[in-house]
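I have placed the structure first, in the form of structure tokens, so that the comments after it can refer back to it.
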Amino acid sequence: MDILANLALGFGVALSPFTLFLAICGCFLGTIIGALPGLGPSNGVAILIPITFTLGLDATSALVLMTSVYYGAMYGGRISSILLNIPGDEPALMTTLDGYPMAKQGRAGDALVLSGVASFVGALLATIGLMLLAPTLARVAFLFGPAEYFALYLLAFCTLGGMASNNQAKSALAACIGLGIAMIGVDSSSGLPRLTGGNLHLYDGVDFLVAIVGLFAIAEVFFFIESHGKGSSIGVKLEKVTIPWKDIMATKWTMLRSSAVGFVAGILPGAGASLGSFLAYMTEKSLAGEKGGFGTGVPKGIAAPEAGNNAAAGGALVPMLTLGVPGSGTTAVLLALLMTLNITPGPTLFTERPEVVWGLIASLLIANVVLLLMNVPMVKIFVRILSVPAWVLLPGVTMISFVGIFSLSGSYFDLLLMVGFGLMGYFLRKMDVPTVPIILGILLGGNMEDALRRAMVLSDGDVMYLFSTPIATGLWIAAIAGFIAPMFLRNLLRKPQRVTD
Amino acid sequence: MASDRILGLITLITAVAYLAAATQIETNFFSGEFLPKLFPLMIGTVAAICSLILVFKPDPDPEWPARGSWIAMGVAVLVLALYAVLLTPLGFIVPTIFAAGILSYQISPRPGPAVLSGIGLSLGLFVLFKYALGLGNIVAWRTPTAAKLWDAISILIPFVGH
């Protein structure tokens, strides 16, 4: 009954008119961000963090706002997948496989409503899973010492690296770039600067928000300049929107199975929502077999990836809140938000700041209901917003990024650094070097080094201490397996190509 | 092939420079002799190994854009860099009109809509930031002295600025 009491506390925080208002704003903004091609959950949340910060919201309000944006973006990603055949974010790629064919058959409205319901089911079940699992995991996390934490961070980089790129060396390199950048600045124990090259601006280190906004948002502008914003016009017509009860009932088991698959995928540190939607789609495809008609616009092919994707979004919050290790790019950005707000995620968060955790969980539940209501009857409004042309949208996003970063520090140096990160992001993404490990490296580098240094101090420099407990050894094995396994499973895990007209 | 090899070489040189810098990290009594260097050295080593793998086992080249797009992107970088340094001495509105307008023109090369989106975004975002969100450190416009302008622009010139 602990959970109910905690949940009551959470709703007590989340149901005030102001937080409710923030949740609705966040859901609306998030859906738009998710729907617009070129703006996914990670860069959407990243651009909004500095602005939230300068607005002076308290921790709970800021968290409610940003998690509603996060969930909203997960819902919104499906709109452009179905109507434009462009995934609004990476996890929505799988939705294009059946969503776009269904829309071309003149059932765009049905596809949108069905995917909205599937998103709701996935996100709702994942939030319930989060409620049940997170407190237990938080208790286990008390057993973690520096050796375990070091292994856990390693696991996050390894599993993320295994999934994010087709070339392990490139994802490991990306992680090193991030970790290397995190080392820049004044060392906390000696008080002396490290690796700054004598540049005074670097004594504070590189702010992760600068890197995130640069790598995600500014890099996107270069991609649009390269392509001249082609391919972002709506190709299918949206007629009257009705609720396809028959399809919803026919896919109920698909939704439940996909939610479970997605949630588990989301919990794995570093794996995230892309893996969730991918596994959910593939499971359903193999269950349905040849005559299931996956890829031709069947309802199950839409329900599975959407339920999986949104369940993974909830699952990814579990390691982020209990261990401080994010499960995906967007949760990494949310972790950045928590750190900006001076909240340290980890097992102590559940005992010391229960109002933050349970307020967050309650607001996730509220956001979910708001999103369902918003996304089914009001879907036409979002479709209209999709027709904002790229030549207004991208300059706008750039200017918002500049102002956001400028309002943090007021320094030209951070702005130049952001442009530099944007350029770097363009080249790296062009060459299939994933950028999420860079972000994760910058965010977690300091903690990872602290864990290593504490382990070394405790053991008086004995390297074997890092493998001394069963948990640590298990994490090391999982990390190595997570890094190596994708090399052999490459053919099996190959992502399906997008459908072309 | 060539792209990955070049990337590998660049990261290899960076990694070696990083390792060299890591051995030079200053330490004192509180930090111990070796601990501040340990993790940077580990990162540099892993990065160097990954770079070598890229040099010897490169992936196929990506599709690089045509020459026109390179020029457009170079201009965009220059515009963004100038925007970054001029935001303080010139205030928000004027630099934003130019920066947003030029970016818009580069995504879709039509002058009319580009000018309109520059002006619209500049004024619209200013009202949004200043009055709706209440961000304090944004100033509408400033008239700078020549010396201040030169100060700002010289930041971008290597070895001249500070």
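Laboratory data are not the source of any read-out in this text; all were calculated from the coordinates shown. None of these values were measured; they are calculated from a predicted model. Backbone-built Cβ (ideal geometry, glycine too); neighbour counts: all protein chains shown.
Restricting things to Cα coordinates, could you compute the convex hull volume per residue of the range A:48-105 in Å³?
Working: hull volume 4.4 nm³, N = 58.
Given the Cα convex hull of the range A:48-105, per-residue volume reads 76 Å³.
Taking the Cα centre of the protein assembly as shown as the origin and placing charges on Cβ (Lys, Arg +1; Asp, Glu -1), which of A:V392, A:I267, A:I47 is farthest toward the positive end of the dipole?
A:V392
Could you calculate the contour length gain from A:T136 to A:F413, that is, 0.36 nm times the residue separation minus the distance between their Cα atoms, to one decimal place in nm?
This chain segment gains 95.3 nm when fully extended.
From other protein chains only, count the Cβ atoms within 10 Å of every residue's Cβ in B:95-101, then give the mean.
The shielding value for this peptide is 3.
My understanding is that a pair violates if its Cα-Cα distance is over 30 Å; which of A:K300/A:K430; A:K104/A:K285; A:K240/A:K430; A:K170/A:K291 do that in this structure?
On the way: A:K300/A:K430 33 Å; A:K104/A:K285 21 Å; A:K240/A:K430 40 Å; A:K170/A:K291 39 Å.
Table pairs above 30 Å Cα-Cα are A:K300/A:K430; A:K240/A:K430; A:K170/A:K291.
Taking θ as phi - 60°, what are the ³J(HN,Hα) couplings along the range A:40-56 by the Karplus curve (6.51, -1.76, 1.60), each to the nearest whole Hz, with x for Gly and Pro?
After applying 6.51 cos²θ - 1.76 cosθ + 1.60, I find x, x, 5, 6, x, 5, 4, 5, 7, 4, x, 5, 4, 5, 6, 5, x Hz.
Given a cut-off of under 8 Å on Cα pairs at least six residues apart, what relative contact order in percent is computed for the range A:57-188? Intermediate values should be presented prior to the final figure.
Values: 64 pairs, mean separation 14.8, N = 132.
Taking the mean separation of contacting Cα pairs over the length of the range A:57-188, I get 11 percent.
For the range A:1-48, what's the radius of gyration and Dmax over Cα atoms, in angstrom?
Rg and Dmax of the range A:1-48, Cα atoms, are 14.7, 44 Å.
For chain A, take the longest principal axis of its alpha carbons; what is the angle in degrees between that and the long axis of helix A:390-409, to the nearest 10 within 0 to 90?
30
Would you mind working out the magnitude of the charge dipole of the protein assembly as shown relative to its Cα centre, with +1 at each Lys and Arg C-beta and -1 at each Asp and Glu C-beta, to the nearest 20 Debye?
Details: 34 positive and 33 negative charges, 340 e Å.
Charge dipole, the protein assembly as shown, about its Cα centre: 1640 debye, nearest 20.
Hey, got the Cα dimensions of the range A:1-153 along the principal axes, in Å, largest first?
Cα extents, longest axis first: 53, 36, 33 Å.
Among B:S108, B:L52, B:G74, which residue has its Cα positioned farthest towards the positive end of the charge dipole of chain B, with +1 placed on the Cβ of Lys and Arg, -1 on the Cβ of Asp and Glu, and the dipole taken about the Cα centre?
My answer, from the dipole projection, is B:S108.
Taking only DSSP H segments of four or more residues, each worth -39500 (n - 2.57), what value at 222 nm results for chain A once the sum is divided by all its residues, to the nearest 500 deg cm²/dmol?
Details: 23 runs with 362 residues, N = 501.
Helix contribution divided over all residues of chain A: -24000 deg cm²/dmol.
If you average 1/r over every pair of different alpha-carbon atoms in the range B:2-56 and take one over that average, what Kirkwood value in Å do you get? Before the final figure, lay out each step's value.
Values: mean 1/r = 0.0843 Å⁻¹.
With all distinct Cα pairs of the range B:2-56 included, I get 11.9 Å.
How long are the semi-axes of the equivalent ellipsoid of the protein assembly as shown, taking √(5λ) for every eigenvalue λ of the Cα gyration tensor, in whole Å from largest down?
Working: eigenvalues 249, 210, 129 Å².
In descending order the semi-axes read 35, 32, 25 Å.
Under 8 Å for C-alpha pairs, at least 6 residues apart: give me the relative contact order for chain B, rounded to a whole percent.
Working: 148 pairs, mean separation 34.0, N = 162.
Value for chain B: 21 percent.
Computed over the Cα atoms of the range B:67-154, what is the convex hull's projected area averaged over all directions, in nm²?
Details: hull surface 25.5 nm².
Mean shadow area of the hull around the Cα atoms is 6.4 nm².
Show log10 I(q)/I(0) for chain B at q = 0.10 Å⁻¹, two decimals, from a solvent-free Debye sum over equal Cα scatterers.
Scattering profile of chain B, log10 relative to I(0): -0.70.
Subtract the Cα-Cα distance of A:S189 and A:V376 from 0.36 nm times their separation in residues, and report this length gain in nm to one decimal.
Values: separation 187, 0.36 × 187 = 67.32 nm, distance 5.41 nm.
Working it through step by step, the gained length comes to 61.9 nm.
Return the average number of partner chain Cβ atoms within 10 angstrom of each residue Cβ along peptide A:193-204.
Taking the mean over all residues of the peptide, I get 2.
At a 10 angstrom cut-off on C-beta neighbours, averaged per residue, how do the peptides A:213-221, B:50-58 rank from highest to lowest? List each step's numbers first, then the result.
On the way: A:213-221: 26.6, B:50-58: 18.4.
So the peptides A:213-221, B:50-58, ranked by packing, come out A:213-221, B:50-58.
Would you mind putting B:87-95, A:140-148, B:140-148 in packing order, based on average other-beta-carbon counts within 10 Å, highest first? Please list the in-between numbers first.
Values: B:87-95: 19.9, A:140-148: 17.9, B:140-148: 10.8.
Descending packing order for the listed peptides: B:87-95, A:140-148, B:140-148.
Highest first, please rank the peptides A:465-471, B:37-43, A:401-407, A:307-313 by the mean number of other Cβ atoms sitting within 10 Å of their residues.
Working: A:465-471: 15.6, B:37-43: 20.1, A:401-407: 25.1, A:307-313: 36.7.
Ranking the peptides A:465-471, B:37-43, A:401-407, A:307-313 by packing returns A:307-313, A:401-407, B:37-43, A:465-471.
Please give the average number of partner chain Cβ atoms lying within 10 Å of the Cβ of each residue in A:48-61, rounded to a whole number. Walk me through the numbers on the way to the answer.
Numbers: counts 0, 0, 1, 4, 1, 0, 6, 3, 1, 0, 0, 0, 0, 0.
The mean count of partner-chain Cβ atoms within 10 Å per residue comes to 1.
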